[in-house]
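The values are calculated or read from the model by the stated rules, or taken from the named source; none is laboratory data. Just so we're clear, the structure is a prediction, and the values are computed from it rather than from any experiment. Note: ideal-geometry Cβ built from the backbone for every residue, glycine included; neighbour counts use all protein chains shown. Surface accessibility is based on the protein's heavy atoms, side chains included, excluding ligands, DNA and RNA. Shrake-Rupley method; radii C 1.70, N 1.55, O 1.52, S 1.80 Å.
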Amino acid sequence: MNGAHSFQGVVKIGGARGNAVCPLLEELADRTRRGERWALVHGASSMMEDLSRAVGMEPVYVVSPGGFRSRFVGERELALFEAACCRFSVDLVAALGRLGVRAVPLYPGSAKGASAKRKNSLRVVEDGRVRMMHGNYSGAIAAFDPSDIRSVWDSGGLPLLPPLASDEAVPGSRLNVDGDRMAAAAAAAVGADVLAILSNVPGLLRTPSDPSSRVEKGTLSEWESLEPLAKGNMKRKLLAAREALEGGAETVVIADSRNARPIGAGLDGGGTLLCRGSMAAAV
């Protein structure tokens with residue numbers, strides 16, 4: 001691993017209820033003071049659900065034939081999702097500011113970052129049958145320009161990224177993208193020493209209901225034995241981990257946001273540590 005002054009990492013904190021944000025922000029403040037460079041990718045699912053219900057629009061979740069669960073985002077849902085992302089970003093900027101960290105939100109359209117290809121139609125499984133849903137405003141990340149992340153780092157700030165990307169086909173338009181895969185794209189683009197994916201579970205579990213069944217570590221060469229263990233939302237987190245490692249990130253840790261110092265706790269044996277080859281030393 002690099003020394004503290006050249007160390008750079010990306011951390012993703014989920015937006016669902018059950019995640020703990022404060023321990024992460026306190027740890028990021030401490031790590032930033034030590035000279036480390038971190039970018040924070042955040043979700044917005046609980047705020048999206050609150051806003052949707054406030055306007056009488058129930059969130060719609062779908063499952064792909066591959067078993068990936070996601071929210072269907074139509075044109076109205078996208079507008080609400082952008083509002084939810086902005087609200088969470090403002091809260092994070094304020095909280096980090098109180099800890100002495102200058103967080104800088106990087107939104108597509110006004111800053112460089114992710115661009116995505118829109119998936120207008122989704123194949124979804126309902127009652128055992130596959131059907132198509134049209135009018136979707138989510139996308140798959142096609143490219144990631146890290147220059148604004150680096151500019152914020154050079155100015156002493158902490159980049160803050162919502163799960164939004166520029167629509168590569170429609171300049172000025174944004175698309176909803178998966179936050180875990182956004183974090184993976186960012187980590188790969190900057191060649192991060194660590195990508196930390198934090199949620200409300202302690203890592204990849206052999207038995208989803210049993211925290212003691214956590215997989216402690218794994219490498220790309222062992223991926224075929226790891227993939228069948230991922231269930232539900234963990235499937236996408238493991239996919240994101242693989243994309244980050246194959247893209248050039250050194251280490252990925254999937255860990256519990258509810259721990260004190262969740263990044264450090266995950267790297268010190270409290271999460272699932274994933275590396276490209278031989279296990280790297282953690283910070």
- Options Gly100, Gly67: the member that is closer than 20 Å to Ile13 by Cβ, touching a residue at least 60 places away in the same chain (Cβ under 8 Å), over 18 Å from the mean Cα position of the chain (by Cα) and loosely packed, with under 13 Cβ neighbours inside 10 Å: Gly100
- Identify, from the list Gly135, Gly156, the residue that is more than 16 Å from the chain's Cα centre (by Cα), assigned to a loop (DSSP other than H, G, I, E, B) and modelled with pLDDT of 95 or more. Gly156
- Query: Is at least one residue of region 235-256 among the hydrophobic types (A, V, I, L, M, F, W, C), within 29 Å of Asp30 (Cα to Cα) and surrounded by fewer than 17 Cβ atoms within 10 Å (Cβ to Cβ)?
  - Reply: no
- Query: If you check Ala192 against the conditions, is it open to solvent by less than 10 Å² (accessible area, probe 1.4 Å), in a loop (DSSP other than H, G, I, E, B) and either more than 25 Å from Leu28 (Cβ to Cβ) or touching a Gly at 6+ places or on another chain (Cβ under 8 Å) (or both)?
  - Reply: yes
- Identify all residues within region 195-230 that are in a helix (DSSP H, G or I), under 20 Å from Gly247 (Cβ atoms) and of a type in the set (Gly, Ala, Ser); write none if there are none. Ser221
- Note on the structure: Given the conditions (1) open to solvent by 10 Å² or more (accessible area, probe 1.4 Å); (2) touching an Asp or Glu at 6+ places or on another chain (Cβ under 9 Å), every one holds for Arg131 apart from (2)
- Item | Among the candidates Asp210, Asp178, residue that is touching a strand residue (DSSP E or B) at 6+ places or on another chain (Cβ under 9 Å), open to solvent by 40 Å² or more (accessible area, probe 1.4 Å) and either modelled with pLDDT of 95 or more or charged (D, E, K, R) (or both) | Asp178
